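K.L.:
Just dropping this structure here.
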């Protein structure tokens, strides 16, 4: 059944197209929901991430944040309207090596700045005190103040219209390594079930995202 679920995650095919070498698609889908609803996939991801952290495979000295749009033409929970159509926002935080340490699914309507704290709260590791690096979308004095309370420093280039500049060139050198979060989203794109959202329930879509994170983190073992 797990191999059947992984086949759906990798190919993005409908559940009814599950090959005959796996159990029936009804059985695999039902088992997947039994794992998602009580948070078993989330717990598995936390155990795996903590083991990698204690083993020195995760580098939390700095982290990178980014968001991506997933169209959801069939609608469902946590789906919002944008200029690109209806969909959901996939928020992710990667460690210094580009491995996922937090993922969050929300409606695509809110601005990414408003989703940063919720994404940090959804992290898999127990402690996070890095420099959080993002593009100029996250340039916000209010967000800087919110992240300063738990001791997180936000590094983001200023917009051209910014008059009062608060960051100098030295911290912004870390921005050059932001390609690692872009690589993480490229890894996500290899799981075709994450490219388009077919699940009507946001918890099921997040469960697919958690399963994809598990497979990516297993590469770090």
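K.L.:
For segment 138-194, which residues satisfy the criterion of being modelled with pLDDT of 95 or more, out of contact with any helix residue (DSSP H, G or I) (no Cβ under 6 Å at 6 or more places or on another chain) and assigned to a loop (DSSP other than H, G, I, E, B)?
P.N.:
Scanning segment 138-194 gives a single hit, 190.
K.L.:
I've got another one for you. For segment 111-124, what are the residues that are surrounded by fewer than 18 Cβ atoms within 10 Å (Cβ to Cβ) and touching a helix residue (DSSP H, G or I) at 6+ places or on another chain (Cβ under 7 Å)?
P.N.:
Across segment 111-124, the qualifying residues are 113, 117.
K.L.:
Of all residues being assigned to a helix (DSSP H, G or I) and exposed (fewer than 14 other Cβ atoms within 10 Å of the Cβ) in segment 1-16, which is farthest from the chain's Cα centre (by Cα)? Just the residue, please.
P.N.:
Step one: list which residues in segment 1-16 are assigned to a helix (DSSP H, G or I), which gives 2-11, 15-16.
Applying the additional criterion that residues be exposed (fewer than 14 other Cβ atoms within 10 Å of the Cβ) yields 2-3, 16.
Working: 2: 22, 3: 23, 16: 27 Å.
Top of the filtered list is 16.
K.L.:
Related question: Just need a number here: residues in segment 80-98 that are in a loop (DSSP other than H, G, I, E, B), buried (at least 23 other Cβ atoms within 10 Å of the Cβ) and touching a residue at least 40 places away in the same chain (Cβ under 8 Å).
P.N.:
0
K.L.:
Which number in (1) part of a strand (DSSP E or B); (2) at pLDDT 95 or above marks the one condition that residue 19 misses?
P.N.:
Unmet for residue 19, out of (1) part of a strand (DSSP E or B); (2) at pLDDT 95 or above: (1).
K.L.:
Do we have residue 18 as within 17 Å of residue 123 (Cα to Cα), in contact (Cβ under 8 Å) with a residue 12 or more places away in the chain and in contact with a helix residue (DSSP H, G or I) (Cβ under 6 Å, 6 or more places away or on another chain) here? If you could, list the steps in order and put the result at the bottom.
P.N.:
Working: within 17 Å of residue 123 (Cα to Cα): no; in contact (Cβ under 8 Å) with a residue 12 or more places away in the chain: yes; in contact with a helix residue (DSSP H, G or I) (Cβ under 6 Å, 6 or more places away or on another chain): yes.
Against the criterion (within 17 Å of residue 123 (Cα to Cα), in contact (Cβ under 8 Å) with a residue 12 or more places away in the chain and in contact with a helix residue (DSSP H, G or I) (Cβ under 6 Å, 6 or more places away or on another chain)), residue 18 does not qualify.
K.L.:
Going by the structure shown, is residue 132 in a strand (DSSP E or B) and at pLDDT below 90? Outline the logic, then answer.
P.N.:
Details: in a strand (DSSP E or B): yes; at pLDDT below 90: no.
It is false that residue 132 is in a strand (DSSP E or B) and at pLDDT below 90.
K.L.:
For segment 103-115, name all the residues that are under 20 Å from residue 207 (Cα atoms) and in a helix (DSSP H, G or I). Break it down into steps so the answer makes sense when it comes.
P.N.:
From segment 103-115, those under 20 Å from residue 207 (Cα atoms) are 103-108, 115; that's our starting set.
115 - this is the single residue of segment 103-115 that is under 20 Å from residue 207 (Cα atoms) and in a helix (DSSP H, G or I).
K.L.:
Which of the residues spanning segment 22-77 are farther than 23 Å from residue 218 by Cα and assigned to a helix (DSSP H, G or I)?
P.N.:
25, 26, 27, 29, 30, listed by residue number.
The values are calculated or read from the model by the stated rules, or taken from the named source; none is laboratory data. Bear in mind that the values here come from a model prediction, so they are computed numbers and not experimental data. Positions of Cβ are generated from backbone atoms using ideal geometry, with glycine treated the same way; all protein chains shown enter the neighbour counts.
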